[in-house]
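Okay, structure first, notes after.
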């Protein structure tokens with residue numbers, strides 16, 4: 001049986017670095033979809049799709065994450081890691097006080113992950129870039145919305161301790177072995 005493992009947390013907390021390390025270690029990983037959606041919108045002349053059309057952005061994100069889940073299911077991989085999951089979409093909409101249809105929560109219940117690892121905000125490693133527009137202070141608040149979204153659905157969350165990239169990756173790998 002395949003294990004679906006999701007890495008969650010606010011922006012800039014180290015999830016993608018660990019996903020990249022897991023890829024190096026030959027694990028099957030689903031990379032973050034939001035950067036792809038953001039870059040696609042920029043090519044179409046929309047600088048910050050999430051800020052200008054949050055519901056459209058979130059719908060595209062939901063579709064992308066749902067497709068990742070379905071693609072993972074079709075794979076032969078025994079373990080699949082996800083850089084963010086479906087509940088993250090509604091968490092961000094809640095953070096931005098944006099009304100959204102029930103389908104966002106329905107999909108969160110429909111597509112379940114086996115284990116959830118939380119990366120807490122970590123000021124020492126936080127950086128912003130062209131696709132990450134949140135400040136560290138906003139990242140801390142977003143983290144709470146993300147945790148709440150997963151807990152509302154009934155997930156148990158495992159906190160990834162601070163440490164080197166290898167220590168954090170080893171913690172996750174050892175926790176699922």
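To keep it simple, each residue is scored yes or no on (1) under 17 Å from residue 6 (Cβ atoms); (2) loosely packed, with under 14 Cβ neighbours inside 10 Å; (3) more than 16 Å from the chain's Cα centre (by Cα).
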{"position": "32", "(1), (2), (3)": "yes, no, no"}
{"position": "54", "(1), (2), (3)": "no, no, yes"}
{"position": "57", "(1), (2), (3)": "no, no, no"}
{"position": "62", "(1), (2), (3)": "yes, no, no"}
{"position": "73", "(1), (2), (3)": "yes, yes, yes"}
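Filter the range 43-52 down to the residues that are surrounded by 14 or more Cβ atoms within 10 Å (Cβ to Cβ) and without any contact (Cβ under 8 Å) to a residue 24 or more places away in the chain, then identify the one that is nearest to residue 100 (Cα to Cα). Write out each step before concluding.
First pass over the range 43-52, keeping only residues surrounded by 14 or more Cβ atoms within 10 Å (Cβ to Cβ): 46, 48-50.
With the extra rule that they be without any contact (Cβ under 8 Å) to a residue 24 or more places away in the chain, the set shrinks to 46, 49.
Numbers: 46: 21, 49: 16 Å.
The selected residue is 49.
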Pairs where the first residue, in the range 1-26, is in contact (Cβ under 8 Å) with a residue 40 or more places away in the chain and at negative phi and the second is outside any loop (DSSP other than H, G, I, E, B) and surrounded by fewer than 20 Cβ atoms within 10 Å (Cβ to Cβ), C-beta under 6 Å, 6+ apart: 3/79; 5/115; 17/165; 21/165
Selection within the range 97-138 - within 28 Å of residue 173 (Cα to Cα), at pLDDT below 90 and not in a loop (DSSP other than H, G, I, E, B): 136
Qualifying residue in the range 25-32 (condition: modelled with pLDDT of 90 or more, in contact with a helix residue (DSSP H, G or I) (Cβ under 6 Å, 6 or more places away or on another chain) and part of a strand (DSSP E or B)): yes
Failed condition for residue 171, given (1) assigned to a helix (DSSP H, G or I); (2) surrounded by fewer than 18 Cβ atoms within 10 Å (Cβ to Cβ); (3) in contact (Cβ under 8 Å) with a residue 40 or more places away in the chain; (4) touching a strand residue (DSSP E or B) at 6+ places or on another chain (Cβ under 8 Å): (3)
Single residue of the range 83-96 satisfying the filter (in a loop (DSSP other than H, G, I, E, B) and within 15 Å of the chain's Cα centre (by Cα)) that is farthest from residue 12 (Cα to Cα): 86
The range 157-168, residues that are in a helix (DSSP H, G or I) and in contact with a strand residue (DSSP E or B) (Cβ under 6 Å, 6 or more places away or on another chain): 168
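What residue, of 55, 62, 120, is in contact (Cβ under 8 Å) with a residue 12 or more places away in the chain and touching a strand residue (DSSP E or B) at 6+ places or on another chain (Cβ under 9 Å)?
Checking each option against the conditions leaves just 120.
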Residue count, the range 136-156 (criterion: in contact with a strand residue (DSSP E or B) (Cβ under 8 Å, 6 or more places away or on another chain) and crowded, with 16+ Cβ neighbours inside 10 Å): 5
Single match in 31, 36 (criterion: touching a strand residue (DSSP E or B) at 6+ places or on another chain (Cβ under 7 Å) and over 19 Å from residue 177 (Cα atoms)): 31
Lone unmet requirement of (1) farther than 17 Å from residue 61 by Cβ; (2) part of a loop (DSSP other than H, G, I, E, B) for residue 80: (2)
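The values are calculated or read from the model by the stated rules, or taken from the named source; none is laboratory data. The structure displayed is predicted, hence computed values, not measured ones. Cβ coordinates were reconstructed from backbone atoms using ideal geometry, including for glycine residues, and neighbour counts include every protein chain displayed.
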